[in-house]
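Please read the structure below before turning to the comments.
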Amino acid sequence: MKSRALLFALIFSLMTIAEAPAEEMKISGEATVTAQHLNINGEKAKFNEYRDYRDGFTGDAEFQYERGNYYMDFTATNIGRKDQSYDFSGGKWGSFKYDFKYDQIPHNFTYDAKSFYNGIGGANLTYGTHPPTTNFGTWNTFDYSLERSNFSGGIKFDLLKPFFFDVSVSQMTNKGVYPLGVAGTTPGGIAIELPSPIEYTTNNMKLAAGYIKNPLSLSVSYLYSQFIDQKSNLNFRNPATANTAATTDTYTLPPNNDSYKLDFQGTLKLPLNSKFSADLAIGQTTSSFNLANSYVSNVTAAASNIGQQGRSGVLLSDYVFNGKFETQNYNFVLTSNPLHYLDGKLFYKYNQRKNKSDEITTVDGANTFINAPFGYKTSKGGGQIGFKLPASFYLSGAYSYAEIEREGREDIPKDKDNLYDIELRWSGVDFMVAKAAYQRLHRVAEFESPAVTGRTDVKNIETYIRRYDAASKDQDTYKVSFDFFPIEDLNFSLGYKYVYANYPDTILGLNEATRNGVSVDGDYFFLKQARLFGYFDYEYVKYKQLQRQLPSGTTAFNPDLPPTSTAFNWTVCQTEKNYSYGLGADLFILPKKWTLRLQTNYYQSDGFADLSYLLGTNPLPAGRTNSNIDISNWDDYRITNYVIKAIYTMDKNLSFVAGWAYEKYVYNDAQLNGYLYVPGTTGTGGAYLTGAYADPNYRANVYFLNATMRF
Amino acid sequence: MRRFLFFLPVLPISMLLWGVLPSGEVGGSEGIVGSEICKGCHEDHYQSYLKSTHAKKGIPGSPASKDACESCHGPGAAHVEKSGERGVGIFIFSKRIADAKSKSAKCLSCHEENRDLSSWDLSKHKSSDVSCDNCHTVHSGTRKNLKAAQPDLCNICHRSIRMQQNKTSHHPIREGKLKCTDCHDHHGGFGPRMVKSKTFNDLCYSCHAEKRGPYMWDHPPVDENCLTCHTAHGSNHAKLLVSKIPELCQSCHDWTQHPGSIYTNQNTFQGNARSNRMFARACLNCHSAIHGSNAPSARGKTHVR
């Protein structure tokens, strides 16, 4: 596919050159060679999470060609590195254009992770002696890392104006190893971290054709997308089960799928500066998966339907699962600006995802399970109106109403949303624009009580739970911003946002969420000798939730019941205090010759989880108090970086940059501090871990020197 | 659904009513003086214009192939007659003189029949008084005539997003491997929050196609909206999650035994009652298949295989 696309690129570029009339040819471009030296202590994977800084050379290049109506552009960045990209485009103005891109994105998680498994990177993880050794120093080492490559190409034709035709294709691959976790036995067993292979390919093709000529535009597009997972299952020897040949366990990996979407869009200009826009789309996604007829269960007798000890057999109504979603999207919008002081919009949107996947009945001993394919539809309508008022005020208001209906979800099958917006802008003076906005969301959820089989049915607790994604909700959002530009060389901005969400029907679950944020930034050119810039952001986030802990077989579901030592409520209030700032200066020491850039950025986050047992007069579990259970290091981190860069422009064709960059990352989190690869080998305190994300701290210095030649 | 029925008569009646009313469009172009005259006083502007795509005569309909400076600024005769008096008879792309709609209208007079701009009227940018020249410079020769590179250009207005992008868990935006416009249709479209797809999930699936399923055991909030659990621009928590696990999972899953149990500082590696439901990746230590599973029986239903 890549070679074919390159061939197309070559053909088109040759066409460009061959067909170009004898007009003046313009060629320009630049090439940069960079030498880099990296000195790092700590986790290289986090430092290079999405990039590839290392010792050695890299380069960038740009090339532009023009002749008459024809043009060609080529750009390459980070040549030879894992984050390299290439973009080749060109065409004939007003007739056609093509674009071919290749882009790599690394995603590094943890280097030098450890596992007792052999075969890492493949779909079969095994180990020798059972149980696996807990001496993790002898385990295999590997990297949790993914490499995404995206190759795309497209051509847009405008030869037969007002008609157009576009075609594009892309292939995205993603390869590497990623951490998964499984319960050894369930429930109540150890956890096992598995290095899972990732080997995905996504192929896309899009065709579009249309007509654009005032007052009408019409287009139709077809998108086909195919996802291929080279591995359908990850097989692993399960160390939590008896050591028999039948203990190869299986984790199901994402299934292959095919998806298409057919989309029709149109707009029609109407008198009085009005426009009607419509969008009608249908789509479908399908998958097929061979279901297993047994699972590792550590049973001692041979399962009747499979004849294997250590596995439980299941009876399925069908051993192949065929998944199918059908989607429909309709959008109609009427916009109008009939008078210079008045504008408005009316809209209606409809989205439906119908789930036509197989319903499979699973009989597992005394238990029967039936999957409930989930689908939904959303209808939303509303309007917006805006007025220009005297004294340079602009007032706008909007209202929308939405209904969401769900199938395959028992707790909240329906929501009704009312959304109100109002915004006031003022630009009455030359040096400032001020905005204030308020939004209110009022969501009413239709809760459906669960069908329960008796007083001990665990579903009784559903009566008190409201899941925050669909629960009744009142949310207020306030926004204020000021943009100052008192003189041409000075800009200063200030913004504040406050969001408060309350879930009035929720007893158990998320009850309240608050977010406060302030942002300030400025930019100043000082006597053409220096540019100073900086920003400061602050954010405070709070989530409050009430939960209930219950033993099995209980009937004490009601949170209003007096607490006992095993059936009680608890609360958690999580807060995050985040702030960041950046300061920088471009000092034009010798204008157009010597420039010095100084820059620093800092980010800090402090999280806290305030937990409380609501046990009344009952004692807390041994060794715990309502203060030593709180968590003060809850995804805390600091990122500090400095950059010093000297830029020397020798002449218009040659420039040099020399510099130093420093970055330090300090992470502190209760869930990872004191990390143990094998904290235990049995029970809920047990696990075989691999070190995924365990210690992301680093301190890095990067020294760089580059030369750029222009022509 | 009934509440939407009122739209049905509104649309055709509106169209019919406005169809019989006169159009507000005006036109006419006299008094062209030519760019040499403009250059005489505005040499700097003229030189920067020469570097721009607008100055390419080979582009059909470009200012260079029409009236050059006066294609956008209007006929200059009156301005010249008044000895170049500021703002007389010509159109200036200044926020202090022209409003956003007027400025965009100037650009759209040539670019309106561009397929990437056919939904400009639907864009939040338009209704928020953002004009083309907020992001594009009509002079100079930068790529796509942008005034700055992304994400800095977008962050000038979207300041709260800047803070999200700086968080430890983020898409590779600040590394330059993902641009705002990879996900958002800055010129408008039918998607929510100006995203390039009809739904948020469709957008996420365009890069994360493995999450599309369809799975036998799905996870409804995940299938309805990725943003139930994830935030797109940045988070303090791994995997761009909106809050930390196990609390995030427990806010929905509060049943008997371990889903509803309280996990505290004492259940971490350094606590007195270690639990694999709390240390390391908490719930994800066992329940990795949270986007869906095809595993048999309760193994699939509880997303552990």
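B:Pro296 - would you say it is at pLDDT below 95 and more than 7 Å from chain A (Cβ to nearest Cβ)?
It is false that B:Pro296 is at pLDDT below 95 and more than 7 Å from chain A (Cβ to nearest Cβ).
If we scan the stretch B:247-269, do we find a residue that is crowded, with 21+ Cβ neighbours inside 10 Å, more than 8 Å from every other protein chain (Cβ to nearest Cβ), out of contact with any His (no Cβ under 9 Å at 6 or more places or on another chain) and modelled with pLDDT of 95 or more?
Yes.
Restrict the check to the stretch A:494-505 and report whether at least one residue is outside any strand (DSSP E or B) and among the aliphatic types (A, V, I, L, M).
no
In the stretch A:73-103, what residues are at pLDDT below 95 and either among the aliphatic types (A, V, I, L, M) or touching a Pro at 6+ places or on another chain (Cβ under 6 Å) (or both)?
Once the filter is applied, which keeps residues that are at pLDDT below 95 and either among the aliphatic types (A, V, I, L, M) or touching a Pro at 6+ places or on another chain (Cβ under 6 Å) (or both), the stretch A:73-103 yields only A:Gly94.
Answer with yes or no whether A:Leu180 is touching a Ser or Thr at 6+ places or on another chain (Cβ under 7 Å), at negative phi, part of a strand (DSSP E or B) and more than 12 Å from chain B (Cβ to nearest Cβ).
No.
Restricting to the stretch A:242-251, what's the tally of residues that are touching a Lys or Arg at 6+ places or on another chain (Cβ under 6 Å) and either facing chain B (nearest Cβ under 9 Å) or acidic (Asp, Glu) (or both)?
1
This table checks each residue for (1) in contact with a Phe, Trp or Tyr (Cβ under 9 Å, 6 or more places away or on another chain); (2) without any contact (Cβ under 8 Å) to a residue 12 or more places away in the chain.
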{"position": "B:Glu43", "(1), (2)": "no, yes"}
{"position": "B:Gln47", "(1), (2)": "no, yes"}
{"position": "B:Lys51", "(1), (2)": "no, no"}
{"position": "B:His54", "(1), (2)": "no, no"}
{"position": "B:Lys57", "(1), (2)": "no, yes"}
{"position": "B:Pro60", "(1), (2)": "yes, yes"}
{"position": "B:Cys69", "(1), (2)": "yes, no"}
{"position": "B:Lys82", "(1), (2)": "no, yes"}
{"position": "B:Ser94", "(1), (2)": "no, yes"}
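Is it the case, given these coordinates, that B:Asn225 is over 16 Å from the mean Cα position of the chain (by Cα), closer than 25 Å to A:Asn203 by Cα and facing chain A (nearest Cβ under 8 Å)?
Spelling it out, B:Asn225 is indeed over 16 Å from the mean Cα position of the chain (by Cα), closer than 25 Å to A:Asn203 by Cα and facing chain A (nearest Cβ under 8 Å).
Output the residues belonging to the stretch A:551-567 that are at the interface with chain B (Cβ under 9 Å from one of its Cβ atoms) and touching a helix residue (DSSP H, G or I) at 6+ places or on another chain (Cβ under 6 Å).
Across the stretch A:551-567, the qualifying residue is only A:Phe557.
Condition first: touching a helix residue (DSSP H, G or I) at 6+ places or on another chain (Cβ under 6 Å) and either more than 7 Å from chain A (Cβ to nearest Cβ) or assigned to a helix (DSSP H, G or I) (or both). Now tell me which residues in the stretch B:272-284 satisfy that.
Within the stretch B:272-284, B:Ala273, B:Cys283 meet the criteria.
Restrict the check to the stretch A:286-300 and report whether at least one residue is under 30 Å from A:Asp358 (Cβ atoms), more than 10 Å from chain B (Cβ to nearest Cβ) and either polar (S, T, N, Q) or surrounded by 21 or more Cβ atoms within 10 Å (Cβ to Cβ) (or both).
Scanning the stretch A:286-300 turns up at least one residue that is under 30 Å from A:Asp358 (Cβ atoms), more than 10 Å from chain B (Cβ to nearest Cβ) and either polar (S, T, N, Q) or surrounded by 21 or more Cβ atoms within 10 Å (Cβ to Cβ) (or both).
Any residue in the stretch A:597-610 that's more than 23 Å from A:Phe525 (Cα to Cα) and more than 10 Å from chain B (Cβ to nearest Cβ): show its pairings with residues that are of a type in the set (D, E, K, R) and outside any strand (DSSP E or B) at Cβ separation under 7 Å, as long as the two are six or more apart or on different chains.
Hits for this filter: A:Asp610/A:Asp630.
Say we look at the stretch B:180-195 and pick out the residues that are under 21 Å from A:Tyr376 (Cα atoms) and out of contact with any Lys or Arg (no Cβ under 7 Å at 6 or more places or on another chain); which of these is surrounded by the fewest Cβ atoms within 10 Å (Cβ to Cβ)?
B:Arg193
Quick check, is B:Ser160 within 30 Å of A:Tyr224 (Cβ to Cβ), at the interface with chain A (Cβ under 9 Å from one of its Cβ atoms) and within 23 Å of the chain's Cα centre (by Cα)?
no
Among residues belonging to the stretch B:186-222 that are more than 10 Å from chain A (Cβ to nearest Cβ) and farther than 19 Å from A:Asn351 by Cα, point out the one that is farthest from the chain's Cα centre (by Cα).
B:His187
If we scan the stretch B:162-175, do we find a residue that is touching a Pro at 6+ places or on another chain (Cβ under 7 Å) and among the polar types (S, T, N, Q)?
yes
Looking at this structure, is A:Phe536 touching a Lys or Arg at 6+ places or on another chain (Cβ under 9 Å), within 12 Å of chain B (Cβ to nearest Cβ), part of a strand (DSSP E or B) and touching a residue at least 40 places away in the same chain (Cβ under 8 Å)?
no
In the stretch A:451-462, which residues are surrounded by fewer than 17 Cβ atoms within 10 Å (Cβ to Cβ) and assigned to a helix (DSSP H, G or I)?
A:Lys459 - this is the single residue of the stretch A:451-462 that is surrounded by fewer than 17 Cβ atoms within 10 Å (Cβ to Cβ) and assigned to a helix (DSSP H, G or I).
Show the residue pairs meeting these rules: Cβ distance below 6 Å; 6+ apart or different chains; first residue within the stretch A:670-691 and within 7 Å of chain B (Cβ to nearest Cβ); second residue of a type in the set (Asp, Glu).
Between residues of the stretch A:670-691 that are within 7 Å of chain B (Cβ to nearest Cβ) and residues that are of a type in the set (Asp, Glu), the close pairs are A:Leu689/A:Glu193.
Let me confirm something: among B:Lys51, B:Lys66, B:Lys39, B:Lys103, which residue is within 14 Å of chain A (Cβ to nearest Cβ), more than 29 Å from the chain's Cα centre (by Cα) and modelled with pLDDT of 70 or more?
When all the criteria are applied, what remains is B:Lys66.
With the stretch B:121-160 as the region, which helices (runs of 4 or more DSSP H) entirely inside it contain at least 1 residues that are within 18 Å of B:Lys106 (Cα to Cα) and modelled with pLDDT of 90 or more?
B:124-127, B:132-135
Keeping to the stretch B:207-218, report how many residues are surrounded by 20 or more Cβ atoms within 10 Å (Cβ to Cβ), in a loop (DSSP other than H, G, I, E, B) and not acidic (Asp, Glu).
Going through the stretch B:207-218 one residue at a time, the tally reaches 4.
Determine if the stretch A:301-320 includes at least one residue that is of a type in the set (S, T, N, Q), within 27 Å of A:Pro373 (Cβ to Cβ) and touching a helix residue (DSSP H, G or I) at 6+ places or on another chain (Cβ under 9 Å).
Yes.
Quick check on my filter: what residues within the stretch A:451-475 are closer than 27 Å to A:Ala501 by Cα and either in contact (Cβ under 8 Å) with a residue 40 or more places away in the chain or in contact with a helix residue (DSSP H, G or I) (Cβ under 6 Å, 6 or more places away or on another chain) (or both)?
Correct list: A:Asn460, A:Ile461, A:Glu462, A:Thr463, A:Tyr464, A:Ile465, A:Arg466, A:Arg467, A:Tyr468, A:Asp469, A:Ala470, A:Ala471.
For every residue, the table says whether it meets (1) more than 9 Å from chain B (Cβ to nearest Cβ); (2) surrounded by fewer than 20 Cβ atoms within 10 Å (Cβ to Cβ); (3) over 27 Å from the mean Cα position of the chain (by Cα); (4) touching a residue at least 60 places away in the same chain (Cβ under 8 Å).
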{"residue": "A:Ser336", "(1), (2), (3), (4)": "no, no, yes, yes"}
{"residue": "A:Leu342", "(1), (2), (3), (4)": "yes, yes, yes, no"}
{"residue": "A:Lys345", "(1), (2), (3), (4)": "no, no, yes, no"}
{"residue": "A:Ser357", "(1), (2), (3), (4)": "no, no, no, no"}
{"residue": "A:Gly375", "(1), (2), (3), (4)": "no, no, no, no"}
{"residue": "A:Gly381", "(1), (2), (3), (4)": "no, no, yes, no"}
{"residue": "A:Tyr399", "(1), (2), (3), (4)": "yes, yes, yes, no"}
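From the list A:Lys275, A:Lys324, A:Lys269, which residue is modelled with pLDDT of 90 or more, surrounded by fewer than 20 Cβ atoms within 10 Å (Cβ to Cβ) and at the interface with chain B (Cβ under 7 Å from one of its Cβ atoms)?
A:Lys324
Of all residues in the stretch A:660-675 being of a type in the set (A, V, I, L, M, F, W, C) and within 19 Å of B:Pro246 (Cα to Cα), which is surrounded by the fewest Cβ atoms within 10 Å (Cβ to Cβ)?
Going through the qualifying residues, I end up with A:Leu672.
The values are calculated or read from the model by the stated rules, or taken from the named source; none is laboratory data. This one's a predicted model, so the numbers in the text were calculated from it and none came from an experiment. FYI the Cβ positions are ideal-geometry reconstructions off the backbone, even for glycines, and counts take in every protein chain you see.
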